[in-house]
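What follows is a single structure, written as structure tokens, with notes after it.
The values are calculated or read from the model by the stated rules, or taken from the named source; none is laboratory data. Owing to the predicted nature of the structure, the values given are computational and were not obtained by experimental measurement. In this analysis, Cβ positions are derived from the backbone assuming ideal geometry, glycine residues included, and neighbour counts consider all displayed protein chains. Surface accessibility is based on the protein's heavy atoms, side chains included, excluding ligands, DNA and RNA. Shrake-Rupley method; radii C 1.70, N 1.55, O 1.52, S 1.80 Å.
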Amino acid sequence: MNDALLVWVRALLYLGALVAIGRGLLGVMRGTQHAASSSSGDGNDDATNSRSDRQARIVAVVAAMVLLLVPFLLARQQLLALEMPWSELAMLVRETGWGRGFVVLTVTAWVTAIALCLPLSRTVAYGLLMSASALAVAMGGLGHAAADAQWPIAARVLDAMHVWTVGAWMGGLLFTWLATRAGAAHGEHSGQVDARWQRFSGVATIVAPLAVMSGMLSGARLLNGQAPRVILGSEYGQMLLVKSGLVLVMLVIGARQRSRIAGGELPARRSVAVELGLAAWVLLVTATLTGTEPPGE
């Protein structure tokens with residue numbers, strides 16, 4: 001039961017980080033685009049953005065609540081695993097490597113949560129992106145990278161890169177979908193909706209391959225040259241195979257959507273919803289992998 005709860009806690013942490021990265025990145029991009037629109041005398045974006053951001057703000061606040069709660073849940077799970085009372089948490093934080101990593105994770109998670117609740121100006125977007133990036137680095141202390149004695153820095157860099165690029169990909173997709181869906185419902189001009197998808201498509205074209213590459217490198221590092229029979233016979237290898245299949249389907253859907261956008265069409269809403277649903281399953285599988293021993297260890 002405790003292991004299952006820990007999987008869900010990790011999944012919530014990944015979800016909060018991905019939402020923060022996606023919102024921060026698109027906020028920075030929107031701020032740049034808004035500055036260009038303002039200099040050209042086009043003030044229509046202000047009214048459009050005020051209408052289309054309500055759902056995005058709700059998602060951001062929910063993610064902030066998750067990031068505020070997760071450190072307490074992680075501390076509880078660690079104390080239960082060690083059969084220690086809450087009164088021993090301070091000692092655990094002061095005297096163990098887990099405690100030092102926990103402090104960094106807590107600070108970055110809470111700063112990110114605060115930034116998520118602020119109105120999304122360009123300055124706030126930069127701050128959110130920076131704090132979320134620091135959180136991605138801190139999350140390396142929760143997974144296999146924390147126990148890598150041979151390549152500790154490289155392992156954490158790979159993990160942080162993977163979290164950040166997946167956040168830019170899936171978090172960006174989520175907020176673009178919310179903004180364009182709300183904008184269309186309020187009569188937003190189709191050219192403005194198309195411009196949002198064009199901007200996201202440019203980002204996804206870069207970060208999706210980086211997300212796949214960083215994930216593959218992390219997996220190769222952990223598998224450490226094990227035979228395919230050994231890999232597929234292990235729980236870790238089977239979960240990794242499931243994750244790879246889900247990501248492959250997401251890439252196929254994304255490629256089709258990119259072709260539609262490049263051709264001047266909007267993405268199919270149902271396909272976007274399917275891609276986001278698959279992303280949720282990928283998060284859950286990733287949270288499970290983080291606590292599963294690779295073969296040979």
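Brief remarks follow.
- Residues that are in contact (Cβ under 8 Å) with a residue 60 or more places away in the chain and acidic (Asp, Glu), drawn from the stretch 69-115: none
- Test result for Ala81, modelled with pLDDT of 95 or more and in contact with a helix residue (DSSP H, G or I) (Cβ under 9 Å, 6 or more places away or on another chain): no
- Residue in the stretch 203-239 that is farthest from the chain's Cα centre (by Cα), counting only those that are under 16 Å from Gly291 (Cα atoms) and aliphatic (A, V, I, L, M): Leu223
- Close pairs (9 angstrom Cβ cut-off, 6 or more residues apart or separate chains): without any contact (Cβ under 8 Å) to a residue 24 or more places away in the chain and farther than 17 Å from Gly140 by Cα in the stretch 205-229, open to solvent by 20 Å² or more (accessible area, probe 1.4 Å) and assigned to a loop (DSSP other than H, G, I, E, B) anywhere: Gly225/Gly296
- Any hit, the stretch 20-29, residues being surrounded by 15 or more Cβ atoms within 10 Å (Cβ to Cβ), modelled with pLDDT of 75 or more and either of a type in the set (Lys, Arg) or over 20 Å from Ser201 (Cβ atoms) (or both): yes
- Qualifying residue in the stretch 154-167 (condition: modelled with pLDDT of 70 or more, among the aromatic types (Phe, Trp, Tyr) and touching a Gly at 6+ places or on another chain (Cβ under 8 Å)): no
- Within the stretch 3-17, the residues that satisfy the criterion of being open to solvent by 30 Å² or more (accessible area, probe 1.4 Å) and closer than 24 Å to Ser133 by Cβ are Arg10, Leu12, Tyr14, Leu15.
- Single residue of Val252, Val212, Val230, Val242 found to be touching a Leu at 6+ places or on another chain (Cβ under 8 Å) and in a helix (DSSP H, G or I): Val212
- Taking the criterion of being within 17 Å of Gly172 (Cβ to Cβ) and out of contact with any Gly (no Cβ under 7 Å at 6 or more places or on another chain), the residues of the stretch 275-286 that qualify are Leu276, Gly277, Leu278, Ala279, Ala280, Val282, Leu283.
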